[in-house]
Amino acid sequence: MKKSMSGDNVNVAKVTRELLDLIMKQPGTERAKLLKELKPDAQIETGSNATSNTTTALIEAVMKLDLHARCRILGEMKAISGSSRRKYSRVDFFSPIQYVINDRLSSGFIKNISVSGIFIEAPRHNSAEVKPGMAVKMIFDHPYTGNHLKIDGKIVRVAKSGLGIRFDEKL
């Protein structure tokens, strides 16, 4: 089933399946935390059936969420499920992006993205003009929902192949 959001199609079944797969890989304590976030009034059981009952209640709670909430949770879980030393792991994502630095509009391609930042392939930038700490305004499509985003950030790394940018607010 596909659902239209702002002219884009999102496969609800795929998002839900990915989210439930990640939930099933979580230890029981993490499932209980997520259940408490989704249903603060939920009673978390202890004992032999606790994990099974928590998982069932969590799946029911996820199925009641709208698509935007499912996509948000999926993105958060994907970001923190990585094994890297980063707080949020990167997800490869190739997509066009437009951005403004020093009132100059540029375009490039997203190489990867996380909840907290992005790497833009933009090899034409002169390191004398672009430095870490500079503000960036970006326009691109969200990797899971396809929604058109306008987001601000700061340059944290300038490389020959592009720019590492930290978002001012997490996705």
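The values are calculated or read from the model by the stated rules, or taken from the named source; none is laboratory data. If you're wondering where the values come from, they're calculated on a predicted model, not measured in any experiment. Positions of Cβ are backbone-derived with ideal geometry, glycine not excepted, and every protein chain shown enters the neighbour counts.
Restricting to the stretch 74-96, name every residue that is crowded, with 20+ Cβ neighbours inside 10 Å and at pLDDT 75 or above.
Leu74, Gly75
Filter the stretch 19-66 down to residues that are of a type in the set (A, V, I, L, M, F, W, C), surrounded by fewer than 15 Cβ atoms within 10 Å (Cβ to Cβ) and at pLDDT 85 or above, then give me how many there are.
Of the residues in that region, 2 qualify.
As an exercise: evaluate Arg70 against (1) in a helix (DSSP H, G or I); (2) at pLDDT 90 or above and give the number of the one condition it does not meet.
With respect to (1) in a helix (DSSP H, G or I); (2) at pLDDT 90 or above, Arg70 is out only on (2).
Name the single residue that is modelled with the highest pLDDT among those in the stretch 97-114 being surrounded by fewer than 19 Cβ atoms within 10 Å (Cβ to Cβ) and aliphatic (A, V, I, L, M).
Val100
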